[in-house]
Ligand SMILES: [Zn+2]
């Protein structure tokens with residue numbers, strides 16, 4: 001298709017220009033710049049939560065731990081609706097700092113929640129999520145939830161347990177919730193983002209990167225539950241080798257002590273661009 005290849009070429013050209021100039025990443029502390037067309041806008045909501053505005057203006061929300069997140073910007077923490085209309089909702093696994101407000105947002109936006117098959121099932125059978133708002137898929141499964149947008153589920157080396165307060169008993173219950181996943185998200189212009197979810201090191205990161213060729217990787221660096229900065233840097237430098245990387249999953253939990261500075265130190269000498277973000281910040285690509 002002429003149109004899509006032209007768009008893709010343009011996207012690749014813009015991406016190359018950004019890489020050549022290296023200073024071409026625009027930043028804002030608020031989502032005020034969201035009127036720009038043709039660019040990809042990434043807003044970090046804290047922990048593993050991101051809102052991605054696609055080049056065609058679609059809104060993708062991943063792992064929205066918003067009302068409970070200690071570092072969520074107040075404008076969103078106090079008002080879920082401030083996140084704005086959501087076109088696609090992705091959840092990597094059932095831990096509270098990832099599933100967070102996803103069921104509420106699915107209902108609020110009448111948007112399907114896409115997640116690991118065996119996580120979505122207990123959400124619907126327990127009545128947390130209406131069955132018609134859940135989309136079950138699994139690793140290597142690919143969906144096209146919006147025109148021109150493809151999401152492929154990939155491996156993450158982690159766990160997934162759903163903890164839920166049963167309103168009938170007012171007690172917490174633990175439910176098996178399948179296996180965690182990461183996502184390769186391909187946008188309308190061909191730009192590919194790999195949101196790794198929560199994961200430890202696994203050598204198929206190399207395979208996933210060679211096979212799907214992500215441009216931008218969102219990688220957990222906090223340690224304890226995931227890779228720490230040194231292992232995250234090892235994965236990026238040795239196996240994944242993307243053009244750009246956004247560190248995530250740190251700074252929100254006293255048990256995840258890894259820091260951005262440690263990651264930057266461990267990446268020293270690499271020409272892979274680190275895009276450091278603060279919670280509430282928006283970056284354009
Ligand atoms: Zn987790």
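Within the stretch 123-134, how many residues are out of contact with any helix residue (DSSP H, G or I) (no Cβ under 6 Å at 6 or more places or on another chain) and surrounded by 19 or more Cβ atoms within 10 Å (Cβ to Cβ)? It would help to see each step written out before you state the result.
Taking the stretch 123-134 as the starting set, the residues that turn out to be out of contact with any helix residue (DSSP H, G or I) (no Cβ under 6 Å at 6 or more places or on another chain) are 123, 125-127, 130, 132.
Those still in the list that are surrounded by 19 or more Cβ atoms within 10 Å (Cβ to Cβ) too: 123.
Going through the stretch 123-134 one residue at a time, the tally reaches 1.
Search the stretch 211-246 for residues being in a strand (DSSP E or B) and within 16 Å of the ligand (Cβ to nearest atom), and hand back the single one that is nearest to the chain's Cα centre (by Cα).
Among those residues, the one meeting the criterion is 218.
Return yes or no: is residue 113 in contact with a helix residue (DSSP H, G or I) (Cβ under 6 Å, 6 or more places away or on another chain) and more than 19 Å from residue 155 (Cβ to Cβ)?
Yes: the conditions hold for residue 113.
Has the stretch 67-81 got any residue that is buried (at least 19 other Cβ atoms within 10 Å of the Cβ), at pLDDT 95 or above, within 16 Å of the ligand (Cβ to nearest atom) and not in a loop (DSSP other than H, G, I, E, B)?
Looking for residues that are buried (at least 19 other Cβ atoms within 10 Å of the Cβ), at pLDDT 95 or above, within 16 Å of the ligand (Cβ to nearest atom) and not in a loop (DSSP other than H, G, I, E, B), one finds none in the stretch 67-81, hence no.
Name the residue that is nearest to the chain's Cα centre (by Cα), counting only residues in the stretch 89-116 that are under 19 Å from residue 196 (Cβ atoms) and away from the ligand (no atom under 16 Å from the Cβ).
Once the filter is applied, the top-ranked residue is 89.
May I ask you to verify whether residue 197 is part of a loop (DSSP other than H, G, I, E, B), within 16 Å of the ligand (Cβ to nearest atom) and at pLDDT 95 or above?
Taking the combined requirement at face value, the residue satisfies it.
The values are calculated or read from the model by the stated rules, or taken from the named source; none is laboratory data. Every value quoted in this text rests on a predicted model; they were computed, and no experiment measured them. All Cβ positions, even for glycine, are placed from backbone atoms using ideal geometry, and neighbour counts span all protein chains on display.
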